[in-house]
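The values are calculated or read from the model by the stated rules, or taken from the named source; none is laboratory data. Computed from a predicted structure; not experimentally measured. Methodologically, a virtual Cβ is constructed for each residue, glycine included, from the backbone with ideal geometry; neighbour enumeration extends over all protein chains shown. Accessible surface is based on the protein model in full, side chains and every heavy atom, while ligands, DNA and RNA are left aside. Shrake-Rupley method; radii C 1.70, N 1.55, O 1.52, S 1.80 Å.
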Amino acid sequence: MTDKAKIYEGLLPNVKAIIGGSGSREKKLQRICDLLRGEVPYFDWVGFYLTDAENPDDLVLGPFNGAPTEHVRISVGTGICGRAAHTRRMFVVQDVSKETNYLACSPDVKAEIVLPILIGNRVWGELDIDSHTLAPFSSEDGEFLGKICSLVADLARAGG
Ligand code: SME
């Protein structure tokens, strides 16, 4: 088993415990951000963007762990987050310097992965992770983070 797989195998039960535990949805999302940022060495910013209920063409910054960002509202189609929302698919950028449609948060960020959190066909929100390491993401990251997004979608669907 790779080191990554070991980290992720250990983390998944903790994520499930957070989701099934007590507290508001916002607190749970915050705890997931704190856990992921704390445990995965190449995750330097971990946050959720949530679709604005009143304007579904906008994503609004939710709980996060990392440096504050000016990008608190992102239009669907703009940047990496907005494009992941538009396509409703995971978007992995191993080198952000090669992206033209990119909203920079900090010059330290080298790579980014964004996964939509889907309820049916609708983008409920997104999990967004920035890394200060170039090309840190592999299929294992996508697989594990996809599982987290499914668990968060279950929580959102249940109104939790
Ligand atoms: N880089 C993102 C903006 C959000 S920050 O990474 C926190 C983008 O291009 O959509």
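Observations on the structure shown:
- Flag if Ile32 is touching a residue at least 60 places away in the same chain (Cβ under 8 Å), over 24 Å from Cys105 (Cβ atoms) and assigned to a helix (DSSP H, G or I): no
- Top-ranked residue in region 94-122 [being open to solvent by 20 Å² or more (accessible area, probe 1.4 Å) and of a type in the set (A, V, I, L, M); ranked as nearest to the ligand (Cβ to nearest atom)]: Leu103
- One residue alone among Ile80, Ile117 is over 21 Å from His132 (Cα atoms) and either modelled with pLDDT of 95 or more or part of a strand (DSSP E or B) (or both), and that residue is Ile117.
- Residues of region 75-91 satisfying the condition of being open to solvent by 60 Å² or more (accessible area, probe 1.4 Å) and among the hydrophobic types (A, V, I, L, M, F, W, C): Met90
- Comparison of Glu39, Glu70 shows that the only residue that is acidic (Asp, Glu), over 23 Å from Leu151 (Cα atoms) and out of contact with any Ser or Thr (no Cβ under 8 Å at 6 or more places or on another chain) is Glu70.
- Every condition in (1) at pLDDT 95 or above; (2) surrounded by 12 or more Cβ atoms within 10 Å (Cβ to Cβ); (3) away from the ligand (no atom under 14 Å from the Cβ); (4) not polar (S, T, N, Q) holds for Phe43 except the one numbered (3).
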